[in-house]
Amino acid sequence: MKIEITSRNCTVSDHLKEITELKIGKLDKYFENSDTKAKVSFKKESQSLTTEVMLDYAGKFVRATASSDNFYDNLDAVLPKLEGQIRKYRTRFDKSSKNAAYRDAAMFFEKENAKSDSKVVKEKKFVLKPMTVTEAIEEMDLLGHSFFVFLEAKSNTVQVLYKRNDGDLGLIEPEF
């Protein structure tokens, strides 16, 4: 597993890097290939310290975050979340697609803060994978985001699935 450690508004000690690599490396048992990538981000935001871990296995993403006053405690909180998501992800997709769940293109979207005077501060590029609306709902649920952009398999059009304020889902389909 390749582990990339980044920090924002703080410095990461060598000891924290070693502990991170040791603990995140234990998740390697869930993946049969060594092409798994882990991005660990340590951030200091006003009074709290946030740790975010994102695993990329053949284009599929699993992500978890934790905040407290200690990066070491955050790592201990993030690992069970990741293991649970990995098991849930593998079980759900192994049943339906017989171990092909981790062999598709990347579909990760990062939630961005919207303001009236906002500007673009980050850009993401990703490959659209043809899928049904049901599969898109599952992907959005697994990622924990409020929207999901995908290529609808039957019509071959880009569509946006989003969570409404009332808890239901909405689907935006383009007309040409």
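Any read-out appearing in this document is the output of simple, stated calculations on the displayed coordinates, not a laboratory observation. Worth saying up front: this structure is predicted, and the values here are computed from it rather than measured. We place every Cβ from the backbone using ideal geometry, glycine too, and count neighbours over all the protein chains shown.
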Qualifying trypsin sites (Lys or Arg not before Pro) for the stretch 119-168 [loop in DSSP, other Cβ within 10 Å: at most 14]: Lys119, Lys122, Lys124, Lys125, Lys154, Arg164
Proximal lysines relative to Lys17, as straight alpha-carbon distance under 23 Å, when same-chain residues fewer than 8 apart are discounted: Lys2, Lys26, Lys29, Lys37, Lys39, Lys43, Lys44, Lys81
Qualifying GluC sites (Glu not before Pro) in the stretch 116-176, DSSP loop, other Cβ atoms within 10 Å at most 11: Glu123, Glu175
Those GluC sites (Glu not before Pro) in the stretch 14-50 that DSSP places in a loop and that have at most 13 other beta carbons within 10 Å: Glu32
Residues of the stretch 15-47 with amide N under 20 Å of the 7 Å Cα→Cβ point at Glu4: 17-28, 31, 33-44
Rg/Rh (Cα only; Kirkwood hydrodynamic radius) as it applies to the stretch 2-97: 0.99
Cα Rg, Dmax, the stretch 112-176, angstrom units: 13.1, 38
Least to most buried among Ser46, Ser41 (fewest other Cβ within 10 Å first): Ser46, Ser41
14 Å Cα-Cα reach of Lys163 towards aspartates and glutamates, excluding residues that sit fewer than 8 places from it in its own chain: Glu138, Glu139, Asp141
